[in-house]
Ligand SMILES: CC(C)(COP(=O)(O)OP(=O)(O)OC[C@H]1O[C@@H](n2cnc3c(N)ncnc32)[C@H](O)[C@@H]1OP(=O)(O)O)[C@@H](O)C(=O)NCCC(=O)NCCS
C-alpha cells in the first residue's frame, strides 16, 4: 500500500543529516538503540520491529514489497547511522500519512531530529500527493513536541486515547502539518 507512495528508498538531504536506506552495516547500532530503555520510554510497542530478536532478519526484510504499511529510512549524521524515521498509516483518499522518529541517545540534542523531520516532510510534500502529515506524541515527551513545533506542526488535540500496542490506550497529543500551496503553484 505505502509502495504506491514511495516505490524506491530515496536518499534525502545533502548536508550533515541524510535519510537513506538502512543496511546490515547498521546492525550493532540498531541493536544498541533498540536495547536502550530511554529511547523507548515514549514509543509505541509496534513501530520498528522491536519484537524480533534477530536484528539481521529485521534489516533483511525491512524493504520487502509485501511488508506492512510502514516505510523506514535510516537517519545519518555526518555519515554515521544515528536513528530511524518511519512513515506509516498511509491514507490514500485523504492524502494523509503519519510520521515517527527515534535517535540513539548519544545523538540527542544536536538538532538532528528537527532536520530529519524537515527533510521528510519537504520530500513528501514535493514528491508525492501527501497533503497532511500527522504525528502522535505522549504529552510527557517534550523534546519530540518541540521537534514538531520547530517544523511548523500544530497541536490539534490533546490527551486523546490511542492504541500504542500496550495493555490499554494511552492519552496522546495529536500534531499535524498541512501542505500550504503557494500562489505560484496554483
Ligand atoms: C525526541 C528525539 C527524537 C529528539 O531528537 P533531537 O535530535 O534531540 O531533537 P532536536 O535536537 O532536533 O530538538 C529537540 C528540542 O527539544 C528541546 N528539549 C529537549 N528536551 C526537552 C525537555 N525535556 N523539555 C522541553 N524541551 C526539551 C531541545 O532544547 C530542542 O529544542 P530547541 O532547539 O528549541 O532548544 C530524541 O530525543 C529521541 O530519539 N527520543 C527517544 C525516541 C522518541 O521519543 N521519539 C519520538 C516519539 S513521538
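The values are calculated or read from the model by the stated rules, or taken from the named source; none is laboratory data. Keep in mind that what you see is a predicted model, and the values were worked out from it rather than measured. Here the Cβ is made from the backbone with ideal geometry for all residues, glycine too, and neighbour counts use every protein chain on show.
For the range 130-147, enumerate the residues that are more than 17 Å from residue 12 (Cα to Cα) and more than 8 Å from the ligand (Cβ to nearest atom).
Answer for the range 130-147, where residues must be more than 17 Å from residue 12 (Cα to Cα) and more than 8 Å from the ligand (Cβ to nearest atom): 131, 132, 133, 134, 139, 140.
Can you say whether residue 77 is more than 19 Å from residue 135 (Cβ to Cβ), within 11 Å of the ligand (Cβ to nearest atom) and modelled with pLDDT of 85 or more, as far as the supplied structure shows?
For residue 77, the condition - more than 19 Å from residue 135 (Cβ to Cβ), within 11 Å of the ligand (Cβ to nearest atom) and modelled with pLDDT of 85 or more - is met.
Could you tell me which residue of the range 108-121 is farthest from the ligand (Cβ to nearest atom), considering only residues that are closer than 29 Å to residue 7 by Cβ and free of Cβ contacts under 8 Å to residues at least 60 places away in the same chain?
The extreme case among them is 121.
Specify which of the listed residues (133, 176) is surrounded by 18 or more Cβ atoms within 10 Å (Cβ to Cβ), modelled with pLDDT of 95 or more and part of a strand (DSSP E or B).
Answer to the check: 133.
Does residue 31 fit the bill of being under 25 Å from residue 8 (Cβ atoms) and either away from the ligand (no atom under 13 Å from the Cβ) or in contact with a helix residue (DSSP H, G or I) (Cβ under 7 Å, 6 or more places away or on another chain) (or both)?
The answer is no for residue 31.
What is the one condition in (1) over 17 Å from residue 72 (Cα atoms); (2) within 16 Å of the ligand (Cβ to nearest atom); (3) touching a strand residue (DSSP E or B) at 6+ places or on another chain (Cβ under 7 Å) that residue 95 does not satisfy?
Going through the list (1) over 17 Å from residue 72 (Cα atoms); (2) within 16 Å of the ligand (Cβ to nearest atom); (3) touching a strand residue (DSSP E or B) at 6+ places or on another chain (Cβ under 7 Å), residue 95 breaks only (2).
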